[in-house]
Amino acid sequence: MDKPFSQACINNRGPIADILERVFANKRDILEIGSGTGQHAVWFASKMSHLCWQTSDQLQNHAGICQWLDEYPLPNLLAPISLNVLTDPWPNRSYDGIYSANTAHIMPWKAVVAMFAGVGERLLSSGVFCLYGPMKYRGELDAQSNVQFDRMLQQQFPHQGIREFHDINRLALEAGLVLLEDVAMPANNRFLVWQKV
Ligand SMILES: C[S@@+](CC[C@H](N)C(=O)[O-])C[C@H]1O[C@@H](n2cnc3c(N)ncnc32)[C@H](O)[C@@H]1O
């Protein structure tokens, strides 16, 4: 099997790292939900050696993630655990940071609900949850590229689609999370940061 590769990860890792270096500055144990190829994990763990970075994803992505981790072994980067946020048991421990990129528009809404509930349960007090990806505001997408992307997602897989910020933030509030930041990112993405109260 070829090592999976995402050009988007190369493009967005710099701007994402700039924020993570700030919001994870005094954090230690990070859970990544939906590690995908594993490229983000390798890059962020190498840039932030004070963090212990736990990768996770659905089982079918583990082989690819492990190829990246085998090629770039780091003492602070942990092999993936199986975490489908809807169907798998969550790790029986707490984290002071949780990170997830490009997952909320891919997983079904009931999984987004489960993700926030799980994050609320697993984050320590003052811990932060970072969510990166495209977002709708009051039903509107400001970029034509995102309008087309949203349409394509829903045509291919009706359970997918760009989520409404207010719906997402409501889940966060129900999980005991308070919004700290909502940052505009390149390529019409957003970076949302919540803190567990
Ligand atoms: C578009 S990929 C993003 C991967 C990576 N985070 C990135 O930014 O390149 C979407 C990811 O969401 C994960 N995913 C989808 N449904 C999920 C679920 N129910 N639980 C956990 N992860 C899920 C997929 O396995 C995949 O890794």
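The values are calculated or read from the model by the stated rules, or taken from the named source; none is laboratory data. Everything numeric here is computed off the predicted structure, so don't read it as measured data. Every residue, glycine among them, receives a Cβ derived from its backbone with ideal geometry; neighbour counts consider all protein chains shown. Protein only, heavy atoms only, side chains kept; ligands, DNA and RNA dropped before computing areas. Shrake-Rupley method; radii C 1.70, N 1.55, O 1.52, S 1.80 Å.
One table, with the values for the structure above:
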quantity	calculated
Any hit, the range 129-151, residues being open to solvent by less than 40 Å² (accessible area, probe 1.4 Å), more than 16 Å from the chain's Cα centre (by Cα) and at positive phi	no
Qualifying residue in the range 119-127 (condition: basic (Lys, Arg) and closer than 22 Å to Gln156 by Cβ)	no
Some residue of the range 129-137 being modelled with pLDDT of 95 or more, out of contact with any helix residue (DSSP H, G or I) (no Cβ under 6 Å at 6 or more places or on another chain), closer than 19 Å to Gln54 by Cα and more than 12 Å from the ligand (Cβ to nearest atom)	no
Of residues in the range 50-83 being of a type in the set (A, V, I, L, M, F, W, C) and under 12 Å from Thr37 (Cβ atoms), the one nearest to the ligand (Cβ to nearest atom)	Ile65
Residues of the range 1-45 satisfying the condition of being farther than 19 Å from Pro73 by Cβ, open to solvent by 40 Å² or more (accessible area, probe 1.4 Å), among the charged types (D, E, K, R) and not in a helix (DSSP H, G or I)	Asp2, Arg28
Residue within the range 156-164 that is more than 26 Å from Trp90 (Cβ to Cβ) and either in contact (Cβ under 8 Å) with a residue 40 or more places away in the chain or in a helix (DSSP H, G or I) (or both) present	yes
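Residue-by-condition table, conditions (1) touching an Asp or Glu at 6+ places or on another chain (Cβ under 8 Å); (2) within 25 Å of Lys27 (Cα to Cα):
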{"position": "Leu124", "(1), (2)": "yes, yes"}
{"position": "Val128", "(1), (2)": "yes, yes"}
{"position": "Arg151", "(1), (2)": "no, no"}
{"position": "Gln155", "(1), (2)": "no, no"}
{"position": "His159", "(1), (2)": "no, no"}
{"position": "Glu181", "(1), (2)": "no, yes"}
{"position": "Val193", "(1), (2)": "yes, yes"}
